[in-house]
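> Structure incoming, see below.
The values are calculated or read from the model by the stated rules, or taken from the named source; none is laboratory data. These numbers were taken from a predicted model, which means no experiment stands behind them. Ideal geometry is used to build each Cβ from the backbone, glycine not excepted, and the neighbour counts take in all protein chains shown. Side chains included, ligands, DNA and RNA excluded: accessible areas come from the protein's heavy atoms. Shrake-Rupley method; radii C 1.70, N 1.55, O 1.52, S 1.80 Å.
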Amino acid sequence: MLEQIVFYSLAALITASALMVVTARNTVHSALFLGLCLAGVGGIFALLGADFLFAGQIMVYVGGIAVLIMFVVMLLGRASDLHLRQMNKQWAAALLVCAASLAGFWKIVRMAGGALATAPVKPTTGPLGLIMMGDYALPFELVSLVLTGALLGAIFFSRSEKSQ
Amino acid sequence: MNLGSYVALSAALFLIGVFGALTRRNIIGILMAIELMFNAANINLAAFNRYLHPGGIIGQTLALFIISIAAAEVVVGLSLVLAIYRNTDTVYVEDYNLLKG
């Protein structure tokens, strides 16, 4: 019962704030609602018993990516953007694409729907650490390489012309 | 709670992200919509892990990799946006037509 209350309130929070991210005219409001939506997804992770994912979601997404996007939103653009429409003219076609995909997704939901949880929730941080140092050691190292490349790429692309 | 509720939530989040990526004019708005799609995929992975493979952690491992790749993607994407803005002085994607002959 408690699980259902938590799930439905989190689902309402996530969908409402995601809709605001997509439709808000002011990009700063979009970025704030993005942080709220990502925090709600973190709550869903906690509900699913993925405790390390919950912590990672809060630290990386809410504390990192949402704040970074907020900074860039404040760096770019000008005040007159608030009076322009933020949606292009193809919104009807986009709605059509979404409706067609919804039909496909609905089939998947119907197919996967009935499964119920069989095992109680257990903490997974320890096993995740073990698997990162065991079976998934090579992908783990590759991800660290990708992050280093992203860091260097960000520095390369965002330096100003004068310093080159 | 059954698996279908979580899959339905993630489908809704993904479709909102698709709609945003298709209709936003602002390039940062498109990046935010892409983040929503990443999160829908992560909800799916964690939910399938919990319901179809109880006791296993492969789904959560994959979601963790997706989170780190998404962080790298957004960092490079935002620095590219800054570089493009410096050249074209606009954030609207229909004005990004430097390569148009």
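> Given the -39500 (n - 2.57) contribution per DSSP H run of 4+ residues, what per-residue ellipticity at 222 nm results for chain B, rounded to the nearest 500 deg cm²/dmol? Show your work: numbers first, answer last.
Working: 3 runs with 78 residues, N = 101.
The helix-only estimate for chain B comes to -27500 deg cm²/dmol at 222 nm.
> Which loop-located trypsin sites (Lys or Arg not before Pro) does the stretch B:15-101 contain, where loop means any DSSP state but H, G, I, E or B and the Cβ has at most 13 other Cβ atoms within 10 Å?
Passing sites in the stretch B:15-101 are B:Lys100.
> Let me ask you something else. At a probe radius of 1.4 Å, figure out the A/B buried accessible area, summed over both chains, and give it in Å² to the nearest 100.
Working: alone 13170 and 7100 Å², together 13410 Å².
Between A and B, the summed buried area is about 6900 Å².
> Relative to the longest principal axis of chain B, what angle (0 to 90°, nearest 10) does the C-alpha long axis of helix B:58-88 take?
Around 10 degrees separate the two axes.
> Helix B:3-23 versus the longest principal axis of chain B: what angle, 0 to 90°, nearest 10, using Cα atoms?
Long axis of B:3-23 versus the principal axis of chain B: about 0 degrees.
> Stick to the Cα atoms of chain A, pair each with every other, and give me the Kirkwood hydrodynamic radius in Å at one decimal.
19.7
> Which whole DSSP H helices in chain A pass both tests: a Cα extent of 20 Å or more along the axis and a mean Kyte-Doolittle value no lower than 1.0?
Going by DSSP H runs, the hits are A:2-23, A:27-47, A:91-112, A:137-158.
> Leaving ligands, DNA and RNA out of it, report the carbon-plus-sulfur percent of the accessible area of the protein assembly as shown at a 1.4 Å probe.
Working: 9710 of 13410 Å².
Solvent-exposed carbon and sulfur of the protein assembly as shown make up 72 percent of the total.
> Computed FRET efficiency, Cβ-Cβ of A:Ala12 and B:Ile58, R0 25 Å: what is it to the nearest 0.05?
On the way: r = 30 Å, r/R0 = 1.20.
The computed FRET efficiency comes out at 0.25.
> While we're here: Based on DSSP H runs of at least 4 residues, each adding -39500 (n - 2.57), what is the mean residue ellipticity at 222 nm of chain A after dividing by all its residues, to the nearest 500 deg cm²/dmol?
On the way: 7 runs with 112 residues, N = 164.
Result for chain A: -22500 deg cm²/dmol, rounded to the nearest 500.
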